[in-house]
């Protein structure tokens, strides 16, 4: 291999992979090869090329061959592969034409975000496209945003309650003999899947862009093995997938209809996992006692806090006569999901879209992060220009995902029905955060030079390509087809 054939970025990642395999820190490796940790960091990040003598020393210190370090193939770990692809992508003229600053790929950027970013780059049209790409993508983005807004308004008008899906879920549970008490057992889940003519198989090698894959000919739903998908998450994935077939969904070429199908299949899963009758029995009793709690719904039916909060919104207004609002936000208060029928004034853009907008610092969704306890239930009253509201916020801190906050709230008069109503926390939240002290700005504006943190909220509700709508946005269909080939060898 000649020196010109060395890709410093691949070499750096191979060096980092080998170092981590041996359990050495940069400082420890530096002591062995006589180089500083900052220099080795630059080397691992592809910023410098080592001399051949140093390569020999590094290989010896890491107990690998020089040829292994110089291998042009990316290291075997998925994160390194994605980081290399994204770094190369940022040098591509198509990326440069977007006018974006270089993205520093720090350890805080999750693998999920890297997958999305690389997928976005792969979706960029080639330079040979003879259409106005910017205008086309803008039109596609506008349609996606409008579809989101329209669906959210419809959900508000119907109190987020879907009676037809409730009926279907109730019938399905009765068909498999659900007792009406407690969480759905593994056996009943298997029976329910069979009730609709399917089976479930856990497999290795699932494409990373798909949460499940269904072979419609053989009626098999494939999901990741247990090490990759835990029991509670697996139940949701299976039922969300099954919901498409239970509700007779068909392939669609319309983004609005795609969103509707996702909402309906998720609703079906929640209606199965927290069935209407026993859920209402619990909630009605707690309402009578002034002790409503999302946590109790979560524990009774063994579902996530987010699903329990969603399920509460399904039933609260229509069945308990309580108006509510729901938010999912990141640690900086940026909205990724939202619903309300209680009159709270969510921040929105000029078109009424709320995804990507940031809530006030005084809202419970942001105040909850001030606690050092990851799973604290943060109760708060918030006075706004549109009335006073009570809310509870739960911080979900999963090991494999960026932490996020789930908030469920209602107007102050209805707080009397909820656990946590006695809280003395009360803040006033203006529609927008107050401007900073002018003296503070003057003192620092010519001095400060912050480096922006990487964010993933910009990937929320990505529009499909206008040129060719995929019925499964965000999914690499070639990977899916290859996966199915592996499950059915010799079919072709």
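The table for this structure:
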| quantity | calculated |
| --- | --- |
| Residue 175-residue 51 pseudo-label distance in nm [points 7 Å out on the Cα-to-Cβ vector] | 7.4 |
| Segments 24-31, 65-72 sorted - mean Cβ within 10 Å per residue, highest first | 24-31, 65-72 |
| Computed lengthening from residue 361 to residue 194, 0.36 nm per intervening residue step minus Cα-Cα distance | 55.3 nm |
| Rel. contact order, % - alpha carbon contacts under 8 angstrom, at least six apart, the stretch 1-76 | 45 |
| Binned Cα-Cα distances of the stretch 183-225, short to long, each 5 Å bin given as a whole percent | 6, 21, 27, 24, 15, 6, 0 |
| Label-point gap, in nm, between residue 321 and residue 257 - each point 7 angstrom along Cα→Cβ | 4.0 |
| Cα gyration tensor shape of the stretch 308-385, rounded if a/c is under 1.5, else prolate or oblate by comparing a/b with b/c | oblate |
| Gyration tensor verdict on the stretch 34-97 (Cα atoms; rounded if a/c is under 1.5, prolate if a/b is larger than b/c, oblate otherwise) | prolate |
| Cβ-Cβ FRET estimate between residue 164 and residue 27, R0 fixed at 56 Å, reported to 0.05 | 0.35 |
| Where labels lie 7 Å past Cα in the beta-carbon direction, separation of residue 36 and residue 107 in nm | 2.0 |
| Förster radius 30 Å - calculated FRET efficiency between residue 302 and residue 204 (Cβ-Cβ, nearest 0.05) | 0.70 |
| Computed E for residue 71/residue 346 - FRET, C-beta separation, R0 56 angstrom, nearest 0.05 | 0.65 |
| Cα-based shape type of the stretch 1-80, given that a ≥ b ≥ c are square roots of the gyration tensor eigenvalues and the cut on a/c is 1.5 | rounded |
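Each value in this text was obtained by applying a stated rule to the coordinates, not by laboratory testing. None of these values were measured; they are calculated from a predicted model. Backbone-built Cβ (ideal geometry, glycine too); neighbour counts: all protein chains shown.
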